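First the structure, in the form of structure tokens, and then the observations on it.
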Amino acid sequence: MTTARGVQRRRAEADDAERAIAPPHRQAAAEVDLSAAERRREILEVAAQLFAERGFKATSIRDIAEHVGMLAGSLYYHIKSKEALFVEIHDKALDAAATRVQAAMQACDQPWDRLQAACAEMLEIQLNPESLTLPIMNNFRSVPDDMRAPLVRKRDEFEMIFRKLVDELPLSANIDRTIYRILLLRLLNTADDWYRDGRLSRRQIAEQIVTIFRHGVDMPVRLTTACHGKEAPMVDNQSTG
């Protein structure tokens, strides 16, 4: 009887044999493909940094090419256009942020705990000086009008995380959940405008945000972060003035 392990072994041996007899031009092509992939990854990283530092309008194809040691014309071998490059970087930044927020909520069972975990992670993303998510998102107003549709679609996709979170909350019937979500996201997305290092940690601020947005619904003495396996630190509300 042929075992699965035996089949796998024979397949591996066949693959090794095929690589051994592969014509030199096929091996060279594989090396070129790998090099092209590495070069494109470098272009994405450099372009993201330049877009974040200078903005979309002030960053040219020539700037990107110079920073990766290429001629401007050669850059088009790896990308379609500056606009397509920005959209790709924007989408990757939001995908990475979505992955982090979803991961932060995984261990949470209760809606308010999930919201607090999401808020805390959003603050970490937005306030990290090495994060590109916020500066890339802030470029939205500087891009041409014909670029905005795909950017808006991606942002709507990201905001579905918070739409679902808010839909799960036991809010009063007189609270409009759309306005609630917009206010919450506006607060989180502008954190770099109002945040200052010092009195409260970012997680304590996330706790305060949820306390305020909870509107007194079934409010205990203190919120707990059961999803983190421990109680949240008590915030001294007397010192918030």
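The values are calculated or read from the model by the stated rules, or taken from the named source; none is laboratory data. It should be emphasised that the depicted structure is a prediction, and the values quoted were computed from it without experimental measurement. Counting neighbours? That spans all protein chains shown, and the Cβs are built from the backbone with ideal geometry, glycine included. Keep in mind that these areas ignore ligands, DNA and RNA; they rest on the heavy atoms of the full protein, side chains included. Shrake-Rupley method; radii C 1.70, N 1.55, O 1.52, S 1.80 Å.
Can you tell me which residues in the stretch 160-173 are open to solvent by less than 90 Å² (accessible area, probe 1.4 Å) and in a loop (DSSP other than H, G, I, E, B)?
Residues satisfying the conditions are LEU169, PRO170, LEU171, SER172.
Only residues that are modelled with pLDDT of 90 or more and polar (S, T, N, Q): list them for the stretch 50-75, please.
Passing the criteria: THR59, SER60.
Okay, residues lined up against (1) within 19 Å of ALA52 (Cα to Cα); (2) touching an Asp or Glu at 6+ places or on another chain (Cβ under 6 Å); (3) open to solvent by less than 30 Å² (accessible area, probe 1.4 Å); (4) free of Cβ contacts under 8 Å to residues at least 24 places away in the same chain:
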| residue | (1), (2), (3), (4) |
| --- | --- |
| CYS108 | no, no, yes, no |
| VAL143 | yes, no, yes, no |
| PHE158 | no, no, yes, no |
| ILE175 | no, no, no, no |
| ARG181 | no, no, yes, yes |
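Within the stretch 141-161, can one find any residue that is over 16 Å from ALA118 (Cβ atoms) and either touching a Leu at 6+ places or on another chain (Cβ under 6 Å) or modelled with pLDDT of 95 or more (or both)?
The answer is yes, given that some residue of the stretch 141-161 is over 16 Å from ALA118 (Cβ atoms) and either touching a Leu at 6+ places or on another chain (Cβ under 6 Å) or modelled with pLDDT of 95 or more (or both).
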